[in-house]
C-alpha cells in the first residue's frame with residue numbers, strides 16, 4: 001500500500017507517521033509537501049500532527065487552504081482513505097472533511113500522556129481489525145483537543161459508554177476521534193503512529209494502520225520483524 | 001481604509017479561558033463580574049475607498065477563514 005504523508009510548515013509528526021507505516025509496517029510511503037497539487041498513486045493519506053503555521057489564527061486554519069488540500073478533498077470525494085492525526089484532525093475539521101471543531105482543552109493544560117481508547121465504530125476502515133473489546137493504549141500530546149460539535153452532529157455520532165474521568169480534555173461525548181458518514185475520512189487526537197513499537201510503551205496503534213491496510217483487497221502486507 | 005473584526009466564542013462552546021480570567025478577576029478583588037468571554041481582535045488595513053465593496057469581500061473572508069463558524073461568531077466594522 002502506498003501512503004502519502006503530508007507536510008505543512010511546522011508539521012512535526014510527519015517523520016513518526018512515515019516511520020510507522022514504512023519502517024514498522026513495511027509499506028511504501030512518501031512525504032507530500034503542502035504545495036504539491038497531486039497525491040500521485042497514494043492509496044491512503046495521513047495528515048500528521050504538529051503545529052502547522054504555528055497554530056496561528058486557529059489550529060489547522062491556514063493549512064486547510066494549502067494547495068495539497070485540494071487534492072486531498074478530491075481524493076476523499078472519490079472514496080480515498082484519509083487519516084488526520086492530532087493537528088491533522090484539526091486540519092480536516094477546518095477543511096470541512098470532518099464535522100465539528102477542536103478547541104482548547106477544558107482544563108487549559110497541555111496533556112502529554114497515555115490514554116485508553118475504546119472503539120465505538122468497529123465497522124470502519126480505520127477500526128476493522130481492532131480486536132473486539134480491546135482498549136488501545138495510545139499517547140496524546142495536545143493543548144487543543146477538546147472536540148466540539150452542534151447537537152445535530154453529535155446525534156449522528158455514536159455515543160460510547162465512557163467515564164468522564166477517562167476524558168483528558170473535555171471533549172463532548174468523550175470523543176477522541178471520529179470518521180465521516182462515508183467512513184473514508186477519519187481524525188483522532190491521539191497518536192497511533194507513536195504506538196507501533198513496544199519500546200515506546202505500547203504498540204496498540206498498529207491496529208489502526210492494519211485496519212487501513214486490510215481495506216485494500218488482495219493486498220500483501222509486509223510486516224517488519 | 002481599516003476593518004475591525006471581533007471574533008468571539010459561540011455561547012454553546014465552553015470557554016475555560018473566559019472562566020479562568022473571571023475567577024482571577026474575582027480573586028483580585030473585582031466585584032460583580034458575571035462572566036468573561038475571551039476572543040480575538042483583528043485590524044485589517046486595506047487599499048481602496050469603497051467601504052461597502054471591501055466589507056462584502058471581508059465578510060466572506062471572515063466566514064470562510066478568519067473565523068470558524070462552528071465555534072465562533074464575528075462582528076465586522078469598516079472605518
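Quick grid of which residues meet (1) within 14 Å of the chain's Cα centre (by Cα); (2) part of a helix (DSSP H, G or I); (3) away from chain A (no Cβ under 12 Å):
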site: B:14; (1), (2), (3): no, no, no
site: B:20; (1), (2), (3): no, yes, no
site: B:47; (1), (2), (3): no, no, yes
site: B:57; (1), (2), (3): no, yes, yes
site: B:69; (1), (2), (3): yes, no, no
site: B:77; (1), (2), (3): yes, no, yes
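Pick out the one residue from A:100, A:80, A:96 that is away from chain B (no Cβ under 14 Å) and at pLDDT 95 or above.
Only one candidate passes the filter, namely A:80.
Being without any contact (Cβ under 8 Å) to a residue 40 or more places away in the chain and either under 16 Å from residue A:3 (Cβ atoms) or touching a strand residue (DSSP E or B) at 6+ places or on another chain (Cβ under 7 Å) (or both) is the filter here, so list the residues in the range A:191-218 that pass it.
If the condition is that a residue be without any contact (Cβ under 8 Å) to a residue 40 or more places away in the chain and either under 16 Å from residue A:3 (Cβ atoms) or touching a strand residue (DSSP E or B) at 6+ places or on another chain (Cβ under 7 Å) (or both), then A:203 is the only one that fits.
Across the range B:62-71, what is the total count of residues that are closer than 17 Å to residue A:65 by Cβ and surrounded by 15 or more Cβ atoms within 10 Å (Cβ to Cβ)?
Summing the residues that are closer than 17 Å to residue A:65 by Cβ and surrounded by 15 or more Cβ atoms within 10 Å (Cβ to Cβ) in the range B:62-71 gives 6.
Here are A:77, A:123, A:41: which of them is out of contact with any helix residue (DSSP H, G or I) (no Cβ under 7 Å at 6 or more places or on another chain), within 14 Å of residue A:185 (Cβ to Cβ) and surrounded by fewer than 18 Cβ atoms within 10 Å (Cβ to Cβ)?
Values: A:123 fails: within 14 Å of residue A:185 (Cβ to Cβ); A:41 fails: within 14 Å of residue A:185 (Cβ to Cβ).
Every option except A:77 fails the conditions.
For the range A:103-120, how many residues meet the condition of being within 13 Å of another protein chain (Cβ to nearest Cβ) and surrounded by 19 or more Cβ atoms within 10 Å (Cβ to Cβ)?
Residues meeting the conditions: 3.
Search the range A:69-97 for residues being within 13 Å of the chain's Cα centre (by Cα) and assigned to a loop (DSSP other than H, G, I, E, B), and hand back the single one that is farthest from residue A:9 (Cα to Cα).
Only one residue fits best here, namely A:97.
Every residue in the range A:57-68 that is part of a helix (DSSP H, G or I) and surrounded by fewer than 24 Cβ atoms within 10 Å (Cβ to Cβ), please. Talk me through it step by step, then tell me what you get.
In the first step, residues of the range A:57-68 are kept if they are part of a helix (DSSP H, G or I); the result is A:63-65, A:68.
Of everything in the range A:57-68, those that are part of a helix (DSSP H, G or I) and surrounded by fewer than 24 Cβ atoms within 10 Å (Cβ to Cβ) turn out to be A:64, A:65, A:68.
Go through the range B:22-38 and give me each residue that's within 12 Å of chain A (Cβ to nearest Cβ) and part of a loop (DSSP other than H, G, I, E, B).
The one that is within 12 Å of chain A (Cβ to nearest Cβ) and part of a loop (DSSP other than H, G, I, E, B): B:38.
For residue A:148, state whether it is in contact with a strand residue (DSSP E or B) (Cβ under 7 Å, 6 or more places away or on another chain) and within 14 Å of chain B (Cβ to nearest Cβ).
Values: in contact with a strand residue (DSSP E or B) (Cβ under 7 Å, 6 or more places away or on another chain): yes; within 14 Å of chain B (Cβ to nearest Cβ): yes.
Taking the combined requirement at face value, the residue satisfies it.
Restricting attention to the range A:45-74, report how many residues are out of contact with any helix residue (DSSP H, G or I) (no Cβ under 6 Å at 6 or more places or on another chain), under 23 Å from residue A:124 (Cβ atoms) and touching a residue at least 60 places away in the same chain (Cβ under 8 Å).
So the answer is 1.
Which one is nearest to residue A:94 (Cα to Cα) among residues in the range B:22-45 that are loosely packed, with under 15 Cβ neighbours inside 10 Å and in contact with a strand residue (DSSP E or B) (Cβ under 7 Å, 6 or more places away or on another chain)?
Among those that are loosely packed, with under 15 Cβ neighbours inside 10 Å and in contact with a strand residue (DSSP E or B) (Cβ under 7 Å, 6 or more places away or on another chain), it is B:41.
Which of the residues belonging to the range A:189-205 are touching a helix residue (DSSP H, G or I) at 6+ places or on another chain (Cβ under 7 Å) and in a helix (DSSP H, G or I)? Break it down into steps so the answer makes sense when it comes.
Taking the range A:189-205 and keeping what is touching a helix residue (DSSP H, G or I) at 6+ places or on another chain (Cβ under 7 Å), we get A:189, A:192-194, A:196-197, A:200, A:205.
Within the range A:189-205, A:192, A:193, A:194, A:200 meet the criteria.
If you take just the strands (runs of 3 or more DSSP E) that sit entirely in the range A:98-188, which of them hold at least 3 residues that are in contact (Cβ under 8 Å) with a residue 60 or more places away in the chain and closer than 30 Å to residue A:71 by Cβ?
Working: elements: A:101-103, A:111-117, A:136-142, A:146-148, A:177-179, A:185-188.
Answer list for the range A:98-188: A:136-142, A:177-179, A:185-188.
The values are calculated or read from the model by the stated rules, or taken from the named source; none is laboratory data. If you're wondering where the values come from, they're calculated on a predicted model, not measured in any experiment. Reconstructed Cβ throughout: ideal geometry from the backbone, glycine too, with neighbour counts over all protein chains shown.
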